[in-house]
1. Here are 99, 56: which of them is in contact with a Ser or Thr (Cβ under 8 Å, 6 or more places away or on another chain) and either in contact (Cβ under 8 Å) with a residue 60 or more places away in the chain or over 22 Å from residue 149 (Cβ atoms) (or both)?
2. Within the range 243-265, which residues are within 19 Å of residue 227 (Cβ to Cβ) and either not assigned by TED's automatic domain parsing to the domain that holds residue 227 or not hydrophobic (A, V, I, L, M, F, W, C) (or both)?
3. Does residue 227 qualify as being touching a residue at least 40 places away in the same chain (Cβ under 8 Å) and either closer than 23 Å to residue 174 by Cα or more than 21 Å from the chain's Cα centre (by Cα) (or both)?
4. Which residues, counting only those in the range 206-225, are open to solvent by 80 Å² or more (accessible area, probe 1.4 Å) and at negative phi?
5. The conditions are (1) modelled with pLDDT under 95; (2) not in a strand (DSSP E or B), and residue 133 fails exactly one of them. Which is it?
6. Does residue 104 count as touching a residue at least 24 places away in the same chain (Cβ under 8 Å) and either polar (S, T, N, Q) or buried (at least 24 other Cβ atoms within 10 Å of the Cβ) (or both)?
7. So, in the range 109-166, exactly how many residues are of a type in the set (Asp, Glu) and within 6 Å of the ligand (Cβ to nearest atom)?
8. Inspect all residues belonging to the range 40-62 and state whether any of them is of a type in the set (Val, Ile, Thr), more than 11 Å from the ligand (Cβ to nearest atom), open to solvent by less than 40 Å² (accessible area, probe 1.4 Å) and farther than 21 Å from residue 165 by Cα.
Amino acid sequence: MNGNARITVSPKVWTPKQIEEAWELKQKLGTNAMYISGGTWVQLRWELGEAVPNHIIHLGRIEDLPKVKMSSDHTLNISAFASLAACRSSPDIHRYWPILAEAARNVGSPAVRNQGTIGGNIACGYGDLIPALLVLDAKITSFDGKQYITDELINFLNQNPSDKIVTEIHLQKSSNFSNKTFYKKIGRREAFTLSLLTVAGALLVNDKNEVEQARLAVGGGDMVPKRLLICEGQLKGKVLTEELCQRAHAQILQEFQPHTDRYTSSQYRKLIAANLLIAGLTDSLY
Ligand SMILES: Cc1cc2nc3c(=O)[nH]c(=O)nc-3n(C[C@H](O)[C@H](O)[C@H](O)COP(=O)(O)OP(=O)(O)OC[C@H]3O[C@@H](n4cnc5c(N)ncnc54)[C@H](O)[C@@H]3O)c2cc1C
């Protein structure tokens, strides 16, 4: 904990064993309570001076499904409570979704990755795994107090997911997309700081060399991760020529509107994002 920490209360920690019990506790305790899984994201927020709630509902003790499991229909089901280290070391993730292993590998230190979870990374709304999961077309299952709902990650992020408990992440194995994916993270030197920028992409090209589908996502730091849907649409059905790449670069500069913070200007972030995404697209063709 650094010198900025202002943790002055000792919150009561609840350790429900069932999702329903966790949900009911949150409803009862209201805004005085928050869920945590690994607690590593909230630790950073508290160190920056954010208020510590009176009650913490620790989801990490919930009797759970296997952490990472491939089902017979080639869907990989990842428990939201799987640690980042487990995601990083899963042979299935390594083999079929290497950018997810790469994204997990790039978070914090080994201790943070052992404790931090994939569910917490998504639920905080800013995690560096989100751009990778967006381009992999991940689906999310969450519990809303009455039922388990599975939806596209992109839809889940666009709603206000704050009250839902994320329980699982699903990835569909697709031979077409398997190798044409990329992920890059730009950070500062200090290991305890969040990234400045995270980009990810996935490309599906047919035998005429036309782009059948492109998915591009950006995030990092305190930017809400997003897909660059207009740029993706511009690429669809076309051969990735130098001229098309230039137009896509210009489109990314328009479509991605990061803010300026005390470390980096908006213009710099845009330019780096556009350069990394176009380099990733062209590299993944070979
Ligand atoms: C030193 C350090 C470096 C870090 N570096 C990075 C980094 O480079 N990139 C990065 O992305 N993150 C980083 N983090 C943050 C964090 O480690 C990861 O994002 C981690 O995946 C968060 O998971 P968690 O289980 O610890 O989340 P928690 O802190 O437990 O929770 C995060 C948020 O999600 C909510 N939540 C947690 N689980 C659920 C759930 N299942 N359903 C609904 N809501 C839930 C909580 O209420 C909270 O709002 C760093 C943290 C530290 C301490």
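The values are calculated or read from the model by the stated rules, or taken from the named source; none is laboratory data. If you're wondering where the values come from, they're calculated on a predicted model, not measured in any experiment. All Cβ positions, glycine included, derive from the backbone under ideal geometry; neighbour counts span all protein chains shown. The protein model used for the area step is the full one, side chains on, heavy atoms only, and it has no ligands, DNA or RNA in it. Shrake-Rupley method; radii C 1.70, N 1.55, O 1.52, S 1.80 Å.
1. Result of the check over 99, 56: 99.
2. 247, 249, 251, 254, 255, 257, 258, 259
3. Against the criterion (touching a residue at least 40 places away in the same chain (Cβ under 8 Å) and either closer than 23 Å to residue 174 by Cα or more than 21 Å from the chain's Cα centre (by Cα) (or both)), residue 227 qualifies.
4. 207, 208, 212, 222, 224
5. (1)
6. Yes.
7. Qualifying residue count, the range 109-166: 1.
8. The answer is no, given that none of the residues of the range 40-62 is of a type in the set (Val, Ile, Thr), more than 11 Å from the ligand (Cβ to nearest atom), open to solvent by less than 40 Å² (accessible area, probe 1.4 Å) and farther than 21 Å from residue 165 by Cα.
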